[in-house]
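Right, I'll just put the structure down here and ask away after.
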Amino acid sequence: LVMQLPAISALKKEHPNWRITLWVAPRGTRELAQAQPYIDEVIEMPIRSGAIQHLKNIFLLRKKSFSIGIVLSPGQLLKSAAYLFFAGIPVRIGNLYPFRKNTDSSFFLTNAIPEKSSLHDIEQNIALLSPICKTLPTIDHYQIYIPDQNKKGADTLLSKKYTYIGIHAGSAKGFEWKRWPIDRFASVAQQLFLQNSTRRFGIFGSHNEQYGKQQLVEEINNACGATVAFNITAPLMTTAAAIQKCSLFISNDSGLMHIASAVGTPTIGLFGPTDERHTGPRGINSMVVRAPDTKPIYNTEKIHSLGKEPHASMLAISPEMVLSAVDSLYNTLV
């Protein structure tokens with residue numbers, strides 16, 4: 001969603017009188033979408049469900065009588081395009097998608113835009129606006145709006161006495177292969193604490209990730225010989241505000257990585273199977289760490305699962321590589 005927001009914002013700027021409704025899956029993104037001032041309505045419906053639920057979803061979309069439907073990237077392009085078709089939306093825009101032996105299907109779409117492998121998903125989504133916008137913006141970074149009440153909530157989570165570094169070592173369920181090992185995060189935290197004893201480490205992640213947040217807290221505290229790490233669990237936009245208060249955010253490729261980057265926090269994203277050319281952090285103070293001689297292999301349409309353990313390309317990233325990236329990032333901050 002964070003990578004889709006620049007396109008939605010650009011659409012509203014081009015057509016300020018249009019009413020924009022965003023359909024999100026129940027993955028916690030509704031709160032983020034509702035906080036953005038250029039989105040008029042957010043509906044949350046499951047897309048992984050049985051036939052009855054699919055029919056209910058289609059009925060709701062038909063009832064709203066939308067004029068235009070856009071399938072944003074990345075996502076389940078075929079299923080989403082079919083939804084727009086059966087919902088009777090007259091203008092249906094999206095990328096070409098693979099279906100059976102045809103790698104460039106467009107059956108359910110009225111306007112099909114070819115994907116370009118050279119484009120980041122931000123630019124890929126902006127390109128989808130070409131049938132309905134006269135001018136397409138050039139955007140080199142993204143940003144999100146955080147409501148004031150969430151900023152006040154973050155003030156209660158982080159004391160002003162310390163400098164905070166955020167860490168997200170988890171991933172969504174089914175994406176365990178994107179995780180960098182916990183002991184390596186702890187090793188990096190230990191070295192950063194030795195450099196500056198006023199640093200504290202906020203361990204971020206949702207309550208349902210179940211990847212060992214408390215274990216990471218304990219490993220960092222044991223390695224540093226002091227209580228310097230703690231869990232941060234809060235509603236999404238308050239979490240975003242807390243991340244904004246951090247001086248650095250180190251993360252696997254995840255939604256929280258993009259939020260950190262989008263709120264302007266210096267961000268380091270750790271990449272292995274996923275492709276940073278398409279989904280890398282695009283904030284003004286962001287960079288990527290990839291181990292030498294590794295290549296991305298994940299594809300949302302073709303290769304969905306890579307097991308339940310960290311992928312070899314993640315294991316190839318050493319703590320020294322991450323610490324070197326921290327030094328480089330701090331030396332080049334905007």
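Return the residues of segment 154-182 that are open to solvent by 20 Å² or more (accessible area, probe 1.4 Å) and either within 23 Å of LEU5 (Cα to Cα) or out of contact with any strand residue (DSSP E or B) (no Cβ under 7 Å at 6 or more places or on another chain) (or both); say none if nothing qualifies.
Result: ASP155, THR156, SER159, LYS160, LYS161, ALA172, LYS173, GLY174, PHE175, GLU176, PRO181, ILE182.
Okay, moving on. Can you name every residue in segment 53-76 that is out of contact with any Asp or Glu (no Cβ under 7 Å at 6 or more places or on another chain) and open to solvent by less than 40 Å² (accessible area, probe 1.4 Å)?
Residues satisfying the conditions are ASN57, ILE58, LEU61, GLY69, VAL71, LEU72, GLY75.
Could you pull out the residue among SER106, SER9 that is out of contact with any His (no Cβ under 6 Å at 6 or more places or on another chain) and closer than 30 Å to GLY283 by Cβ?
Of SER106, SER9, the one residue that is out of contact with any His (no Cβ under 6 Å at 6 or more places or on another chain) and closer than 30 Å to GLY283 by Cβ is SER9.
Considering only segment 10-52, how many residues are at pLDDT 95 or above, among the hydroxyl-bearing types (Ser, Thr, Tyr) and either open to solvent by 40 Å² or more (accessible area, probe 1.4 Å) or part of a loop (DSSP other than H, G, I, E, B) (or both)?
Number of matching residues: 1.
Which members of segment 187-210 meet the condition of being surrounded by 16 or more Cβ atoms within 10 Å (Cβ to Cβ), over 21 Å from VAL263 (Cβ atoms) and free of Cβ contacts under 8 Å to residues at least 40 places away in the same chain?
Correct list: GLN190, PHE193.
Still on this structure, please answer the following. Identify, from the list SER328, SER305, the residue that is assigned to a helix (DSSP H, G or I) and either of a type outside the set (Asp, Glu) or open to solvent by 30 Å² or more (accessible area, probe 1.4 Å) (or both).
The unique qualifying residue is SER328.
On the basis of being on the phi > 0 side of the Ramachandran plot and surrounded by fewer than 24 Cβ atoms within 10 Å (Cβ to Cβ), does GLY225 make the cut?
The answer is yes for GLY225.
Further question on the same structure: Where the second residue is open to solvent by less than 10 Å² (accessible area, probe 1.4 Å) and among the acidic types (Asp, Glu) and the first is under 12 Å from ILE68 (Cα atoms) and in a strand (DSSP E or B) and lies in segment 83-105, which pairs have Cβ atoms under 6 Å and are six or more apart or on separate chains?
That search, which allows pairs on different chains as well, returns nothing.
Moving on to the next point. Restricting segment 129-167 to residues that are part of a loop (DSSP other than H, G, I, E, B) and among the β-branched types (Val, Ile, Thr), which is farthest from THR198 (Cα to Cα)?
Per the criteria, the residue is ILE132.
Please enumerate the residues belonging to segment 111-128 that are open to solvent by less than 20 Å² (accessible area, probe 1.4 Å) and part of a helix (DSSP H, G or I).
ASP121, ILE122, GLN124, ASN125, ILE126
All but one of (1) without any contact (Cβ under 8 Å) to a residue 60 or more places away in the chain; (2) over 27 Å from SER80 (Cβ atoms); (3) among the charged types (D, E, K, R) hold for GLU276, so report the exception by its number.
For GLU276, the failing item is (2).
Taking segment 282-302, which residues are within 30 Å of PHE99 (Cα to Cα) and either open to solvent by less than 50 Å² (accessible area, probe 1.4 Å) or assigned to a loop (DSSP other than H, G, I, E, B) (or both)?
The answer is THR294, LYS295, PRO296, ILE297, TYR298, THR300, GLU301, LYS302.
The values are calculated or read from the model by the stated rules, or taken from the named source; none is laboratory data. Not measured: the values here are computed from a predicted model. Because the Cβ atoms are built from the backbone with ideal geometry, glycine has one as well, and the counts that use them run over all protein chains shown. Surface accessibility is based on the protein's heavy atoms, side chains included, excluding ligands, DNA and RNA. Shrake-Rupley method; radii C 1.70, N 1.55, O 1.52, S 1.80 Å.
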